[in-house]
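Trainee: First the structure, then my questions, so here it is.
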C-alpha cells in the first residue's frame with residue numbers, strides 16, 4: 001500500500017506518459033511544474049490558429065519551446081499544419097529562411113522584435129506576416145515595426161500563463177494607438193463575485209478546458225485565480241490593471257505599479273524601465289524600485305523622477321547597462337534585485 | 001576630433017560584459033570564446049551583448065550583411081569589428 005501511494009505521488013510529480021510538463025518561469029515566484037494533455041495543446045493551436053493566425057507556410061519561432069508559448073506555436077502548430085519551422089530562439093543571428101510569397105507566422109517574445117526589425121528586408125519577401133507576442137509587454141520596437149511594416153505585418157498580443165494557456169488577445173498596434181481591452185478566447189469563462197462593485201479593479205478568475213494539472217494534483221483545478229487585477233469593460237472583455245501583487249501602498253497612498261510602468265514607457269520610450277515592488281520592510285513600509293537602461297540615449301535619473309511626479313517616489317532608481325531578462329524575455333527579478341544596494345533601501 | 005584606439009575600445013567592450021557577467025568577465029582573455037568563458041552567455045545574452053555594444057559606441061550592427069556570430073564570439077573580434085565600424089563612421 002505504501003509502495004502504491006509512493007508510486008502515485010511519483011507519477012503525479014513526473015507526469016503520466018501522455019502528459020507534457022511545463023515549468024513556470026519563476027519570474028513572479030517559485031518555479032512550479034504543470035502538466036498539459038495533447039488534446040489541450042491541439043485545442044489551443046486550433047483556437048488561436050483559426051481565430052488570429054490563418055493559413056501559414058512557415059513559422060519563425062523566437063520563443064524557447066520548453067515554455068508553453070514556444071511549444072504551442074513553435075512545435076505543435078508547425079507539426080499540425082505540416083509546415084517548416086525555423087527555431088530562431090536557438091540562433092538569433094542565423095539568416096531567416098523566408099521564400100518569396102510565403103505566409104509567415106512569427107512567434108515573438110520581447111527580444112524577437114529587435115531581430116525582426118533588422119530582418120525587415122527578408123520579411124518583405126513574404127506575402128503576409130502574422131506575429132503572435134506573449135510572455136511580457138512588447139517593447140517599443142514592436143509598435144514601431146507594426147507601423148512601418150503595415151499592411152504586410154499584423155500582430156496580436158496573447159495574455160496567458162503556464163497554468164491557463166492563452167486567456168485573451170488584443171491587437172498589437174503602432175505606438176500611440178489604444179489597443180483596447182483584452183478579448184477572452186471563446187472557451188474561457190470568468191468567475192466573478194456577484195457582490196463586487198460594477199466598476200473598479202477585481203482579480204481575474206477563470207474557468208476553461210485548457211487549465212493545466214498542478215504537480216501535486218490529480219486533475220486541473222475547476223477554476224484559477226490568475227493574480228491579475230482587471231477592470232471588466234464588457235461581458236468578455238477587460239483591461240489589465242496589473243498584478244495583484246503589484247498593488248502597494250507607499251506612505252498610505254495606493255500605487256498600481258503597472259501604472260507606474262505605463263507612465264515611464266509613455267514618457268520615456270527611448271529608455272527601458274522595469275518597476276518592481278521591494279520586499280516588505282516592517283520599518284520602511286511598502287516601496288518600489290525602478291530599474292532602467294538608457295540604451296545609449298540621453299536619459300537621466302532626473303527624467304525618471306520627472307516622469308513619475310504624479311506618483312509617490314521610488315525608493316531607488318537603479319541604472320543598468322541593460323535589463324537582464326529570462327529566456328522568455330521577462331525581466332529577471334533575481335538578477336535585478338542583486339543590483340540593489342541593500343544599504344540604501 | 002577624438003579618435004578611440006583599440007585599447008580604449010577593448011576596455012569599453014569589457015566594461016559592457018562586466019556589467020552583465022561580473023567577475024567572470026573581469027579575467028576574460030581576448031581570444032576566449034564568450035559562450036564557453038561566461039556562464040549564462042546563451043543566445044539571448046549574445047543578443048543583449050550585441051545591442052549593448054551598439055549602444056556603447058553609437059553604431060548599428062548589420063545582422064544581415066555581417067557575420068555577427070563570428071565578430072561577437074570573442075572580446076578581441078568584437079574590438080576589431082567596433083574599431084572598423086567607428087573608423088568607417090569617422091571617414
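Each reported figure results from applying straightforward, stated rules to the coordinates on display, with no laboratory input. Quick caveat: nothing in here was measured; it's all calculated off a predicted structure. Positions of Cβ are backbone-derived with ideal geometry, glycine not excepted, and every protein chain shown enters the neighbour counts.
Trainee: Taking the number of other C-beta atoms within 10 Å as the exposure measure, put A:231, B:87, B:48 in order starting with the fewest. Write out the running numbers ahead of the final one.
Mentor: Details: A:231 14, B:87 11, B:48 21.
Fewest to most other Cβ atoms nearby, the residues stand as B:87, A:231, B:48.
Trainee: Is there a simple number for the mean count of other chain Cβ atoms within 10 Å of the Cβ of residues in B:62-68, and what is it?
Mentor: Numbers: counts 1, 11, 8, 0, 1, 1, 4.
The per-residue average across the peptide is 4.
Trainee: Taking the convex hull of the alpha carbon atoms in chain B, what volume per residue do you get, in Å³? Walk me through the intermediate numbers first.
Mentor: Numbers: hull volume 7.9 nm³, N = 91.
Each residue corresponds to 87 Å³ of Cα convex hull volume.
Trainee: To check you understand DSSP bridge types, tell me what percent of the beta bridges within the stretch A:251-344 (both residues inside) are antiparallel, rounded to 5. Before the final figure, lay out the partial values.
Mentor: On the way: 8 of 12 bridges.
Bridges in the stretch A:251-344 are about 65 percent antiparallel.
Trainee: Another question, if that's okay. To the nearest 10 degrees, how steep is helix B:75-90 against the longest Cα principal axis of chain B, on a 0 to 90 scale?
Mentor: 20 degrees
Trainee: What does the convex hull of the Cα atoms of the protein assembly as shown come to per residue, in Å³, rounded to a whole number?
Mentor: That works out to 189 Å³ per residue.
Trainee: I'd like to compare A:253-259, A:164-170, A:79-85: which one has the highest average count of other Cβ atoms within 10 Å, and what's the full order after that?
Mentor: On the way: A:253-259: 16.1, A:164-170: 23.0, A:79-85: 14.4.
In decreasing order of mean packing, A:253-259, A:164-170, A:79-85 become A:164-170, A:253-259, A:79-85.
Trainee: What is the mean number of Cβ atoms from other protein chains located within 10 Å of the Cβ atom of each residue in peptide A:86-99, rounded to a whole number?
Mentor: Numbers: counts 0, 1, 1, 3, 2, 3, 8, 14, 4, 2, 2, 0, 0, 0.
Partner-chain Cβ atoms within 10 Å, mean over residues of A:86-99: 3.
Trainee: Determine the percent antiparallel among the DSSP beta bridges restricted to chain A, to the nearest 5.
Mentor: On the way: 40 of 62 bridges.
Antiparallel: roughly 65 percent of the beta bridges in chain A.
Trainee: Evaluate peptide B:50-61: per residue, the Cβ atoms of other protein chains within 10 Å of its Cβ; return the mean as an integer. Don't skip to the end; give the middle numbers.
Mentor: Values: counts 3, 7, 6, 1, 3, 7, 3, 1, 1, 1, 1, 2.
Neighbouring Cβ atoms belonging to other protein chains average 3 per residue here.
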